[in-house]
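Participant: Please read through the structure below; I'll follow up with questions.
The values are calculated or read from the model by the stated rules, or taken from the named source; none is laboratory data. Note that the structure is a prediction, hence the values are computed from the model and not measured. For neighbour counting, all protein chains shown are included, and Cβ atoms are generated from backbone atoms with ideal geometry for every residue, glycine included. For the accessible areas, the whole protein counts, side chains as well, though only heavy atoms, and no ligand, DNA or RNA atoms are used. Shrake-Rupley method; radii C 1.70, N 1.55, O 1.52, S 1.80 Å.
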Amino acid sequence: MKKYMALCVAVSAAMAFTGCKSSESAYKQAYLKAKQQEEQQLQQQPQQAAQQEQEETNVVVPLEEKPVTEAQVVDNTDNVKVTQEKVSLVNGDGLKAFSVVVGSFSVEANATGLQQQLKNAGYNAQVAKNEERNMYRVIATTFDTKAEAASSRNDLQTKYPDAWLLYAK
């Protein structure tokens, strides 16, 4: 009986292994199906990209043309950084609200030297002292309005790149 049982197990195992064998045609069909899907995806990608471009395209509204006399000029003086300090005049005619500082020195003689160079260049230069920081500020120009001071600072930055605006307290 044991021999009979062993024979049945062997025959069943042989049938199981040979019955599940894949054929070459099944592999070929699976390969062709995968190849078709890949080709379809490649064809759809340019179409999807074109659709995305159309969806992402920004709409530009045409500008209204106006005569030059009606065009409004907007300046950027409101975004100009202004440093507020309490200063006292050391040498000069007097400070207005906004000043353009072209140099800062801890030694008064250095500040006076730059002031003289500015005066020789035609500026009404002045020296003011910030007591809190013990610094002498060399002021090239001084104005009542921020816009005028910003314009002057922009002109002076060609020769003095570190020029900045001071609002005197």
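Participant: Kindly check whether there is at least one residue in segment 84-102 that is among the aromatic types (Phe, Trp, Tyr), touching a strand residue (DSSP E or B) at 6+ places or on another chain (Cβ under 7 Å) and at pLDDT 80 or above. Let's see the steps before the verdict.
Facilitator: Of all residues in segment 84-102, those among the aromatic types (Phe, Trp, Tyr) come to 98.
Restricting the remaining residues to those that are touching a strand residue (DSSP E or B) at 6+ places or on another chain (Cβ under 7 Å) gives 98.
Cutting the leftovers down to at pLDDT 80 or above gives us 98.
Checking segment 84-102: at least one residue is among the aromatic types (Phe, Trp, Tyr), touching a strand residue (DSSP E or B) at 6+ places or on another chain (Cβ under 7 Å) and at pLDDT 80 or above.
Participant: Taking segment 1-45 as the region of interest, how many residues are at pLDDT below 70 and either aromatic (Phe, Trp, Tyr) or within 60 Å of the chain's Cα centre (by Cα) (or both)?
Facilitator: So the answer is 1.
Participant: Looking at this structure, is Thr142 in contact with a Gly (Cβ under 9 Å, 6 or more places away or on another chain), of a type in the set (Ser, Thr, Tyr) and open to solvent by 10 Å² or more (accessible area, probe 1.4 Å)?
Facilitator: Details: in contact with a Gly (Cβ under 9 Å, 6 or more places away or on another chain): yes; of a type in the set (Ser, Thr, Tyr): yes; open to solvent by 10 Å² or more (accessible area, probe 1.4 Å): yes.
For Thr142, the condition - in contact with a Gly (Cβ under 9 Å, 6 or more places away or on another chain), of a type in the set (Ser, Thr, Tyr) and open to solvent by 10 Å² or more (accessible area, probe 1.4 Å) - is met.
Participant: Let me ask you something else. Pick from Gln48, Gln54: which is at pLDDT 65 or above and in a helix (DSSP H, G or I)? Don't jump to the end; show me each part of the working.
Facilitator: On the way: Gln54 fails: at pLDDT 65 or above.
It is Gln48.
Participant: Within segment 152-163, which residues are open to solvent by 60 Å² or more (accessible area, probe 1.4 Å) and more than 18 Å from Asn120 (Cβ to Cβ)?
Facilitator: Step one: filter segment 152-163 for residues open to solvent by 60 Å² or more (accessible area, probe 1.4 Å), giving 154-155, 157-159, 161-162.
Within segment 152-163, Asn154, Gln157, Pro161, Asp162 meet the criteria.
Participant: Can you confirm whether Tyr136 is in a loop (DSSP other than H, G, I, E, B) and touching a residue at least 24 places away in the same chain (Cβ under 8 Å)? Let's see the steps before the verdict.
Facilitator: Details: in a loop (DSSP other than H, G, I, E, B): no; touching a residue at least 24 places away in the same chain (Cβ under 8 Å): yes.
Criteria not met by Tyr136.
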